[in-house]
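Structure first, commentary second.
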Amino acid sequence: MRVFLATLGATFVVLAGTAVGAGAQPPSPAQTALTKALQQGLGQAGRQSGAYVLDLTTGQVLYTHAANTGRLPASVEKVYTTSTALLRLGPTATFTTSVLGTGSRDPEGVWIGTLYLHGGGDPTFGSVGFDHNWYGTGTTMHGLIVALLKATGLTAVQGRIVGDESYWDSIRGTPATGFRRSSDVEGELSALSYDRGFTNNRAAAFQFHPAQFAAQQFAGGLRAFGVKLPGVPVSAGRTPAGATTLASVQSPPLSTLIQLTNTPSDNYFAETLLKDIGARLGGAGTTAAGATVVRAELLGKFGITPRLNDGSGLSRYDRTSPAQVVTVLKAMATNSVFVNSLALMGDSGTLQTEAVGTPAQGDCRGKTGTLHDVANLVGYCQARDGHTLAFAFLANGLGDPDYVHEVEANMTVALARYNG
């Protein structure tokens, strides 16, 4: 498994993909073969397709077709969400779930007052069993309760238990779902989401009141540890400003969350990261605030202006071009956390079964994008000559996205074989 980090010492030369300008050298046999293979692939992908391939080692544009035409990005938009998160928050950033209290603990360990379970936007927070089945690296209620009992010696509660999701708004979905809960999001959005908002490990049904559900799981966990809760009511609400932090647990670092977002193309993680971006950098834990931060970062850092209003790419409002995507890929090529978060061709995530047994297997990384009429693939390939190539293939208006995904994977084989 290779890490595709470009050595970017050369000045980037802007060339038309197949044209020979005045005074320019004619394309080499390797470039001609690459152009032929990519043209054939785009022909199979359909008329609403575009591509852009840039040699990051030399700065040469190897291929371009409708590279500035905006198209539905689908999950390619996660490239924008995750790169913004990494650049603005850093790879070691975490999100905190806390227990706070108002009242006091008596000498026998009884908490007299209210305990607040406060969510901080950790998408992995939940049960040990759910974490084992879904991530293997997430934050659990069990760990939080262990930390609480170690810190306080709690034996009983006389008062209330409240779940607090106010770090974000309480909108469960995204613009694509009419802001309603939906299986398309692959979870239910809440700053205090427990097991992604599902009622069990099989993800068969959503919780109706995520904050209260999480608080109920907290109460049940306390009882399992022998803490007595005689007649303690459990509800949802806000933590008052004067509450004391009693215990907390941190999410996995952002580097891990980015991996869990991009490799399997997880819509829920992308949308939670967007709200986290909004909460930390945009003044509100909302989809709109997060999207505003991402758009500003893309303009300020990369000089591009794609259209987007969500984090996962489910929205049909979103538009981006192959050239815009490659602009970000070029800038992020030396960021190992970002590059290694992309699925490895023929090995992992959404590319696990693609291009197996070809030169692209193990030498290309990518981010797919899929809707019922969209098949996109963007990423990096290490070519035969050792150069790192950044590419974006976007195809819209399709009847069979699965077929076009195979076509695009085969196009990366041509990139891996390139010997310029």
_Dipole of the chain, positive direction: furthest Cα of Ser348, Ser83, Gln207, with charges on the beta-carbon_ = Ser83
*Ordering Asp310, Asp347 from largest to smallest accessible area (1.4 angstrom probe), what's the sequence?*
Asp347, Asp310
*asked:* Could you tell me the calculated FRET efficiency between Asn68 and Gln250, based on Cβ-Cβ distance and R0 = 41 angstrom, to the nearest 0.05?
replied: 0.45
*Could you please state how large a percent of the accessible area of segment 219-369 is carbon and sulfur, counting protein chains only and using a 1.4 Å probe?*
50 percent
*Tell me which residues come under 5 Å, amide H to amide H, from Leu246 once H is placed; ignore anything under 5 positions away on its chain.*
Val99, Leu100, Gly101
*asked:* I'd like the orientation of helix 401-417 relative to the chain: the angle between its Cα long axis and the longest Cα principal axis, in ° from 0 to 90, rounded to 10.
replied: 60 degrees
*Taking the C-alpha atoms of segment 265-349, convex hull volume expressed per residue in Å³*: 110 Å³
*asked:* Can you give me the distance in nm between label points at Glu406 and Ser104, each placed 7 Å from the Cα along the Cα-to-Cβ direction?
replied: 7.3 nm
*asked:* Taking the 0 to 90 degree range and rounding to the nearest ten, how far is the long axis of helix 210-224 tilted relative to the main principal axis of the chain, both from C-alpha atoms?
replied: 60 degrees
*asked:* Taking the 0 to 90 degree range and rounding to the nearest ten, how far is the long axis of helix 287-297 tilted relative to the main principal axis of the chain, both from C-alpha atoms?
replied: 40 degrees
*At a Förster distance of 41 Å, what's the computed FRET efficiency of Ser166 paired with Thr32, Cβ-Cβ distance as r, to 0.05?*
0.10
*asked:* Take Ser183 and Asn201, extend 7 Å from each Cα along the Cα→Cβ direction, and tell me the distance between the two endpoints in nm.
replied: 2.1 nm
*asked:* With just the Cα atoms defining each centre, how far is segment 164-204 from segment 223-282? Give it in Å.
replied: 12 Å
*asked:* Using helices alone, I'd like the mean residue ellipticity at 222 nm for the chain: each DSSP H run of four-plus residues gives -39500 (n - 2.57), total over residue count, nearest 500.
replied: -10000 deg cm²/dmol
*Using the structure shown, list the pairs from Lys36/Lys367; Lys78/Lys275; Lys78/Lys330; Lys330/Lys367; Lys275/Lys367; Lys78/Lys367 with a Cα-Cα distance above 18 Å, or answer none.*
Lys36/Lys367; Lys275/Lys367
*So what does log10 I(q)/I(0) come out to for segment 150-252 at q = 0.15, 0.16, 0.18, 0.21 Å⁻¹, using the Debye formula with one equal point on every Cα and no solvent?*
-0.71, -0.80, -0.96, -1.19
*Between the DSSP loop rule and a limit of at most 13 other Cβ atoms within 10 Å, which chymotrypsin sites (Phe, Trp or Tyr not before Pro) in segment 234-323 are left?*
Tyr317
*asked:* Taking the solvent-accessible surface of protein heavy atoms with a 1.4 Å probe, what is the per residue accessible area of the chain in Å²?
replied: 39 Å²
_Listed values [x] -0.33, -0.55, -0.69, -0.84; [y] -0.47, -0.68, -0.78, -0.87; [z] -0.38, -0.58, -0.69, -0.79, entry calculated as log10 I(q)/I(0) by the Debye sum over Cα atoms at q = 0.07, 0.09, 0.10, 0.11 Å⁻¹_ = [z]
*asked:* For segment 304-420, place one equal point scatterer on every Cα, skip the solvent, and apply the Debye formula. What is log10 of I(q)/I(0) at q = 0.09, 0.14, 0.17 Å⁻¹?
replied: -0.23, -0.56, -0.83
_Top of Pro210, Pro401, Pro26 by mean-square fluctuation, Gaussian network on the chain, Cα under 10 Å_ = Pro26
*Please go through segment 308-377 and write out the trypsin sites (Lys or Arg not before Pro) that DSSP classes as loop and that have at most 14 other C-beta atoms within 10 Å.*
Arg316
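The values are calculated or read from the model by the stated rules, or taken from the named source; none is laboratory data. Being a predicted model, the structure only gives us computed values, none of them experimental. So basically every Cβ, Gly included, is an ideal-geometry build from the backbone, and we count neighbours across all protein chains shown. Remember, those area values only see protein heavy atoms, side chains included, never the ligands or the DNA or RNA. Shrake-Rupley method; radii C 1.70, N 1.55, O 1.52, S 1.80 Å.
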